[in-house]
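The values are calculated or read from the model by the stated rules, or taken from the named source; none is laboratory data. Bear in mind the structure is a predicted one, so any value in this text is a computation, not a measurement. For neighbour counting, all protein chains shown are included, and Cβ atoms are generated from backbone atoms with ideal geometry for every residue, glycine included.
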Amino acid sequence: MNPIVHLRGITREFVTGDTVVRALRGIDLDIYPGEMVAILGASGSGKSTLLNTLGCLDRPTAGTYVLDGQPVVDLSDDELADVRNQRLGFIFQGYNLLPRTTAVDNVALPMLYDRGGRFPDPRGRAEAALDLVGLADRRHHHPNELSGGQQQRVAIARALVTSPSLLLADEPTGNLDTELTMDIMRLFQSLNDAGVTLLVITHEEEVAATCKRAVTLGDGAVLTDVVVDQRRLLPRKERAS
């Protein structure tokens, strides 16, 4: 089985005045279809830089990155935009929803930027994605009419709607309390059971404990990469009829 993410020797350096900051130092990482991987690390460990690299939002200084079989380091900006739209789904801590737009229109947004004509029925796909995350009855609500957990579910539906190869979740539970955090991780486990490949950036051990694998960064390097022992499996909630 070929990996969805294949990184070899990834480095990222930033120059500030006379100082060179080495944010990533030779990262080697493979992520395979069907995995649910947590990326852990303290502030300054390189988590955000790695996420930006994986999400084709930033180019590494050196190294090889192959995403779903396609080398991406040397692609043009327009080609990278197509990769982000077609192969990646992004979930952010702050939800990043358009405040004056309904849930279903927020979810449909990535399809409006697709230049391949892959989605002849964007609204239908958006409604199906909302149903998948349990929010079909909230599709006409605006973000200010939804709870934090519901807003994050809308963001997850938006990330899923284009059927990406990989979901990248950046501290997706950072704004949620413990109960809602576990609710979102329960949803992630359900999606992963259905075949969705997820990478979750987090500093929370309890979030990492719900994943299948945990990669810990420190000072821009991989410190540990282990299968999660005694993984916490969260029981699914029954949907209200």
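Selection of first residues in region 93-112 that are assigned to a helix (DSSP H, G or I) and of second residues that are of a type in the set (Gly, Ala, Ser) and at pLDDT 95 or above, restricted to Cβ pairs under 7 Å at least 6 apart or on distinct chains, gives the following pairs, ordered by first then second residue: 104/126; 107/126; 107/129; 107/157; 108/126.
For region 162-172, a residue qualifies if it is in contact (Cβ under 8 Å) with a residue 60 or more places away in the chain and either in contact with a Cys (Cβ under 8 Å, 6 or more places away or on another chain) or not acidic (Asp, Glu) (or both), and the qualifying residues are 162, 164, 165, 166, 167, 168, 169, 172. For region 113-167, give me each residue that is within 23 Å of residue 177 (Cβ to Cβ), among the small types (Gly, Ala, Ser) and outside any helix (DSSP H, G or I). Of everything in region 113-167, those that are within 23 Å of residue 177 (Cβ to Cβ), among the small types (Gly, Ala, Ser) and outside any helix (DSSP H, G or I) turn out to be 134, 147.
When the residues of region 199-227 are filtered to those that are out of contact with any Ser or Thr (no Cβ under 8 Å at 6 or more places or on another chain) and under 20 Å from residue 178 (Cβ atoms), the one that is surrounded by the fewest Cβ atoms within 10 Å (Cβ to Cβ) is 205.
Being touching a Ser or Thr at 6+ places or on another chain (Cβ under 7 Å) and part of a loop (DSSP other than H, G, I, E, B) is a description that applies to residue 173. The listed residues are 82, 30, and the only one of them that is out of contact with any helix residue (DSSP H, G or I) (no Cβ under 8 Å at 6 or more places or on another chain), in a strand (DSSP E or B) and within 22 Å of residue 198 (Cα to Cα) turns out to be 30. Going by the conditions given, is residue 58 in a strand (DSSP E or B), in contact with a Lys or Arg (Cβ under 8 Å, 6 or more places away or on another chain) and either of a type in the set (Asp, Glu) or free of Cβ contacts under 8 Å to residues at least 40 places away in the same chain (or both)? Here the answer is no, as residue 58 does not meet what is asked. Restricting to region 40-55, and then to whatever is of a type in the set (S, T, N, Q) and assigned to a loop (DSSP other than H, G, I, E, B), can you tell me which residue is surrounded by the fewest Cβ atoms within 10 Å (Cβ to Cβ)? Per the criteria, the residue is 43.
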